[in-house]
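The values are calculated or read from the model by the stated rules, or taken from the named source; none is laboratory data. The model shown is predicted, which means the values in this text are computed figures rather than measured ones. Neighbour counts are summed over all protein chains in view; Cβ atoms, including those assigned to glycine, are modelled from backbone coordinates with ideal geometry.
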Amino acid sequence: MSSIKDVARIAGVTPTTVSRVLNNRGYISENTRKQVYEAMQQLNYQPNRIARSLQSSKSDIIAILVPDSGSMFYSGLISQVEWQCRIRDKRLLLCNSYTDPKLEREYIRILNGQGVDGLIVCSHTLDIEHYEHVPFKLVTFDRILQSVPLVASDNFEGGRLAAKRLIDKGCTRLLHISGPLTNARLAGHNRYRGFAEYCNNCGVKYELFQTDDKFGFSYYNSFVSDRLSGKLGAFDGAFCSNDMLAYALYRHAVSQGIRVPDDLKIIGFDNSQFVRILADPKITVIAQDEAAIAEALVKNVLSPESAPPITTVPVRLVEGTTA
């Protein structure tokens, strides 16, 4: 049976360094961490996780609470978060709230008894009082909870970039389809603010439509068909709050004889795996950096120090054929 000394010998480091990697203590370069994990894999070395947990009072497990892991964006983000956990020898526990407050409260109750080291909150249903007395560290993504560290894409800049792109392309009658804007703590609110501010500064009119707090192509397709049927001819540019919604709008426009991008230019948001593999159309999107978001979330939730109140991750425009 292999030991820490064997791992150290193969990795070319000291046993103390291997121990620091396993316990995520002190500064360890990514290159050293990689060498240690490669040596562990070569030797099929399995650290005694139970003994380590008892010794350190840590479970080496963090949880992530998402509204729907079936969402293309969240599935990609979860994969990146899991990778960030793996390279730190942590495990990820996935919780789906399906935007159900009762289910979210139940997950918090269960996690309270499981000794997880931290929770990444991406779900949108509960207020801060439901999280005030949890025994683990909290970090949120794209959702403001008072006094809880936040990681978020630069959503305001994303909305601004979308409006700028459409106006630079000659659009004068804009449409924005957002998620529900009743809660100013959510990401879509800042996307709308950035979009609206740029339009107003340029004197360009726009109309706003809001979806419910639901996900999936079937819902978006029904929303576009029901709410925008016969209305698309009034617009020459559209900014959608996510990729799947942008694709649903594209499909509906084409079915109505509207040419994209000649008659209607469309921009999405996320740059999820769905858009990256979609060959026709190649949707123009405001891209979130899933890898950078995941790294910030995991670093902040595992840091022994207080995480920054807000960590903002830049966004960028990815050109496609729709705008």
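Give the number of residues within segment 208-260 that are under 18 Å from residue 170 (Cβ atoms) and either surrounded by 13 or more Cβ atoms within 10 Å (Cβ to Cβ) or among the aromatic types (Phe, Trp, Tyr) (or both).
Number of matching residues: 10.
For segment 297-311: of the residues being modelled with pLDDT of 90 or more and in contact with a helix residue (DSSP H, G or I) (Cβ under 7 Å, 6 or more places away or on another chain), which is farthest from residue 117 (Cα to Cα)?
311
Of the residues 266, 286, 258, which single one is more than 30 Å from residue 115 (Cβ to Cβ), in a strand (DSSP E or B) and over 21 Å from the mean Cα position of the chain (by Cα)?
Exactly one of 266, 286, 258 is more than 30 Å from residue 115 (Cβ to Cβ), in a strand (DSSP E or B) and over 21 Å from the mean Cα position of the chain (by Cα), namely 266.
Would a scan of segment 104-116 turn up a residue that is assigned to a helix (DSSP H, G or I), crowded, with 16+ Cβ neighbours inside 10 Å, acidic (Asp, Glu) and modelled with pLDDT of 85 or more?
So far as segment 104-116 goes, yes, one or more of its residues are assigned to a helix (DSSP H, G or I), crowded, with 16+ Cβ neighbours inside 10 Å, acidic (Asp, Glu) and modelled with pLDDT of 85 or more.
Those residues that are of a type in the set (Gly, Ala, Ser) and either in contact (Cβ under 8 Å) with a residue 60 or more places away in the chain or surrounded by 19 or more Cβ atoms within 10 Å (Cβ to Cβ) (or both), I need them from segment 261-302; list them, please.
Scanning segment 261-302 gives 268, 272, 287, 291, 294, 296.
Within segment 172-186, take every residue that is surrounded by fewer than 22 Cβ atoms within 10 Å (Cβ to Cβ) and not in a strand (DSSP E or B) and give me the one that is modelled with the highest pLDDT.
The residue in question is 172.
Quick one: is residue 81 at pLDDT 90 or above, in a strand (DSSP E or B) and either touching a Leu at 6+ places or on another chain (Cβ under 9 Å) or over 20 Å from residue 67 (Cβ atoms) (or both)?
no
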